[in-house]
Amino acid sequence: MNESSSGNKFIAFSELVLRLAYLNFLWMIFTIFGFVLFGFWPSTVAMYAVIRRWDRGNNEVKTFNIFWEVYKNEWKTSNFIGGVMLVTGLVIYINLTYILSFNGILSNAGQFALGMTLLVWFIQVLYLPAAIVYYDLKIKDYFKQVIIIFLLKPIHTCGMVFAILIVIYLIYLFPASFIFFGGSVVAYIVSKVIFKDLVGECGK
């Protein structure tokens, strides 16, 4: 009985690994297809959409069809949000570089304020693609929803960031693994740890 159960778990795990590898391949191809700048966010949103279908028990779904459909449908929304985050990130970077050139109490206070802003920005970038998939909101409300999620699950967020850092470190040790799991594993962690139990009235 135990051997049978262990065998089934191993088969399920192996299938998940293969599905994640294929999903990561699609994510990379369609990111490049959009010349990276215009392909990264739609591809990432599409990747989360596929993972959400898996969470619903639809493991036999046609991954490519779902990915392509979401990629097309969410192209404008995801790229608009991605553009906002890109501009915001550049503004934070420029201000941080400027403040770091000074010394004193005001400089330290400015560095702390920008550091906290950078943290919020990082959380937004991490959660927004999934939020687009899991929630049906106006564009401006996605940014608010991400902050709400962070406030609801701060410990989960810290644990998730730690897990992602481990993934990044492993990719650093084995660079070739990025081709197979660079994006899909991170998306899978975010979906499982943060979003799976949070969808409420505004959920899709």
Selection over region 36-56 where residues are out of contact with any Pro (no Cβ under 6 Å at 6 or more places or on another chain), modelled with pLDDT of 95 or more and not aliphatic (A, V, I, L, M) yields a count of 6
Please work out which one of (1) over 24 Å from the mean Cα position of the chain (by Cα); (2) of a type outside the set (Val, Ile, Thr); (3) in a helix (DSSP H, G or I) is the condition Ser101 fails and give its number. (3)
Leu90: aliphatic (A, V, I, L, M), surrounded by fewer than 17 Cβ atoms within 10 Å (Cβ to Cβ) and either at pLDDT 90 or above or outside any loop (DSSP other than H, G, I, E, B) (or both), yes or no? yes
Limited to region 144-168, what total is found for residues that are part of a helix (DSSP H, G or I) and in contact (Cβ under 8 Å) with a residue 40 or more places away in the chain? 3
On the given criteria, is Gly159 small (Gly, Ala, Ser) and either at pLDDT 90 or above or surrounded by 18 or more Cβ atoms within 10 Å (Cβ to Cβ) (or both)? no
Starting from region 121-143, take each residue that is more than 22 Å from Lys72 (Cβ to Cβ) and list its partners that are crowded, with 18+ Cβ neighbours inside 10 Å, counting only C-beta distances under 6 angstrom and pairs at least six apart or across chains. Ile123/Phe150; Gln124/Val146; Tyr127/Val146
So in region 18-60, with the set limited to residues that are more than 18 Å from the chain's Cα centre (by Cα) and assigned to a helix (DSSP H, G or I), which one is farthest from Trp75 (Cα to Cα)? Leu18
Mind checking whether some residue in region 37-58 is out of contact with any Leu (no Cβ under 6 Å at 6 or more places or on another chain), more than 16 Å from Ala187 (Cβ to Cβ) and among the acidic types (Asp, Glu)? no
Would you check which residues across region 68-105 are in contact (Cβ under 8 Å) with a residue 12 or more places away in the chain and of a type in the set (S, T, N, Q) and list them? Thr77, Ser78, Asn79, Thr88, Asn95
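The values are calculated or read from the model by the stated rules, or taken from the named source; none is laboratory data. Small disclaimer: the values here were computed from a predicted structure and weren't measured. Glycine also receives a Cβ, built like all others from the backbone with ideal geometry; neighbour counts cover every protein chain displayed.
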